[in-house]
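J.: I am attaching a structure below and will ask some questions about it afterwards.
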Amino acid sequence: MTGTDRHRSRTALVTGGSRGIGRAISCRLAREGALVAVHYGHDHAAAERTVKEIEADGGHAFAIHAELGVRGDAARLWAAFDRGLTEQATHPSHGVDILVNNAGITLPRTIEHVTEDDYEQVFAVNTKAPFFIVQQGLGRLRDNGRIVNISSGAARSAYPAIIAYSMTKAALDQIALSLARQLGPRGITVNTVAPGFTETEINPTLRNPEVRRSLAKASIFNRLGVPADIADVVAFVASDDARWVTGQWIDATGGVRLGL
């Protein structure tokens with residue numbers, strides 16, 4: 001296996017772990033020794049590809065399915081996790097050490113074009129689902145564990161074109177503050193990692209070369225982020241090296257906010 005062993009003997013769950021930033025996080029944690037539950041909502045083939053890639057690199061992973069944004073989603077996710085973990089001979093004990101709430105959907109519409117259905121769906125996936133995933137996962141989360149929520153730089157900046165999406169991430173940010181205080185006595189850290197403009201499928205506007213150039217210029221590094229940029233930050237926050245960091249909003253935008 002390549003990389004360090006700082007997550008060896010740990011079990012991780014990454015929601016939306018089969019594509020984009022989630023895929024990069026899954027692969028990075030697995031390279032560092034974790035058994036990774038790769039969650040997916042719709043794309044079974046992508047999840048299987050991610051698992052096979054991890055295994056080809058010498059790591060361990062399994063795919064779990066649960067559609068988010070519908071009633072009972074958290075319960076179904078954890079039931080799938082429990083079943084999948086039972087089948088893993090390398091990690092026979094139940095429980096999770098690292099929970100990464102990464103799954104999310106975007107809504108590229110200004111306020112006058114957002115319908116009630118749009119609003120309810122984006123909040124159901126981006127805010128409600130992680131809230132109840134954490135709630136129902138607390139009994140499984142081992143002491144000295146890690147919760148990492150993937151937010152967005154848009155939560156602290158003005159982007160009228162994605163107002164409802166930005167609101168979901170701003171709401172998600174509060175979870176780290178409250179839970180870090182509640183779970184600190186157990187040695188559990190809770191942090192938020194906020195990407196900026198990143199090369200993923202969630203942003204359809206990146207298909208436009210002019211938009212790509214404009215967004216790349218927003219970073220002080222004059223480029224779009226790539227999923228590995230975010231995965232590297234998450235791997236650190238999820239490690240023992242970050243044991244003294246909790247309740248924090250970590251800017252992983254490539255310096256986008258420095259120019260605002």
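The values are calculated or read from the model by the stated rules, or taken from the named source; none is laboratory data. Everything numeric in this text was worked out from a predicted model, so none of it was measured. Every residue, glycine as well, gets a Cβ built from its backbone with ideal geometry; the counts of neighbours run over all protein chains shown.
J.: From the list ILE147, ILE162, exactly one residue is in contact with a Ser or Thr (Cβ under 9 Å, 6 or more places away or on another chain), surrounded by 15 or more Cβ atoms within 10 Å (Cβ to Cβ) and modelled with pLDDT under 95. Which is it?
T.: Answer to the selection: ILE162.
J.: Among residues belonging to the range 146-167 that are small (Gly, Ala, Ser) and part of a helix (DSSP H, G or I), point out the one that is farthest from SER178 (Cα to Cα). Walk me through how you get there before you give the answer.
T.: Initially, the range 146-167 is screened for residues small (Gly, Ala, Ser), giving 151-155, 157-158, 161, 164, 166.
Those still in the list that are part of a helix (DSSP H, G or I) too: 153-155, 161, 164, 166.
Working: GLY153: 20, ALA154: 21, ALA155: 17, ALA161: 29, ALA164: 22, SER166: 20 Å.
Only one residue fits best here, namely ALA161.
J.: Right, here's the next one. Could you please let me know if ASP97 is out of contact with any Cys (no Cβ under 6 Å at 6 or more places or on another chain), acidic (Asp, Glu), surrounded by 19 or more Cβ atoms within 10 Å (Cβ to Cβ) and modelled with pLDDT of 95 or more?
T.: Taking the combined requirement at face value, the residue satisfies it.
J.: Cβ-Cβ distance below 9 Å, separation of 6 or more or different chains: which pairs start in the range 40-56 with a residue that is in contact (Cβ under 8 Å) with a residue 40 or more places away in the chain and end on one that is exposed (fewer than 15 other Cβ atoms within 10 Å of the Cβ) and in a loop (DSSP other than H, G, I, E, B)?
T.: GLY41/GLU67
J.: Can I ask one more? Could you list, in sequence order, all residues of the range 171-187 that are out of contact with any helix residue (DSSP H, G or I) (no Cβ under 8 Å at 6 or more places or on another chain) and within 17 Å of PHE131 (Cβ to Cβ)?
T.: GLN174, ALA176, LEU177, SER178, ALA180, ARG181, GLN182, LEU183
J.: Quick check, is HIS65 modelled with pLDDT under 95 and either surrounded by fewer than 20 Cβ atoms within 10 Å (Cβ to Cβ) or out of contact with any His (no Cβ under 7 Å at 6 or more places or on another chain) (or both)?
T.: no
J.: In the range 66-84, how many are on the phi < 0 side of the Ramachandran plot, without any contact (Cβ under 8 Å) to a residue 12 or more places away in the chain and part of a loop (DSSP other than H, G, I, E, B)?
T.: Adding up the residues that qualify gives 1.
J.: With respect to ASP118, is the statement that it is of a type in the set (D, E, K, R) and farther than 20 Å from GLU48 by Cα true?
T.: Answer is yes for this residue.
J.: Can you tell me which condition ILE175 does not meet? The list is (1) at pLDDT below 95; (2) more than 27 Å from ARG142 (Cβ to Cβ); (3) in a helix (DSSP H, G or I); (4) of a type in the set (Val, Ile, Thr), and all the others hold.
T.: Result: ILE175 fails condition (2) only.
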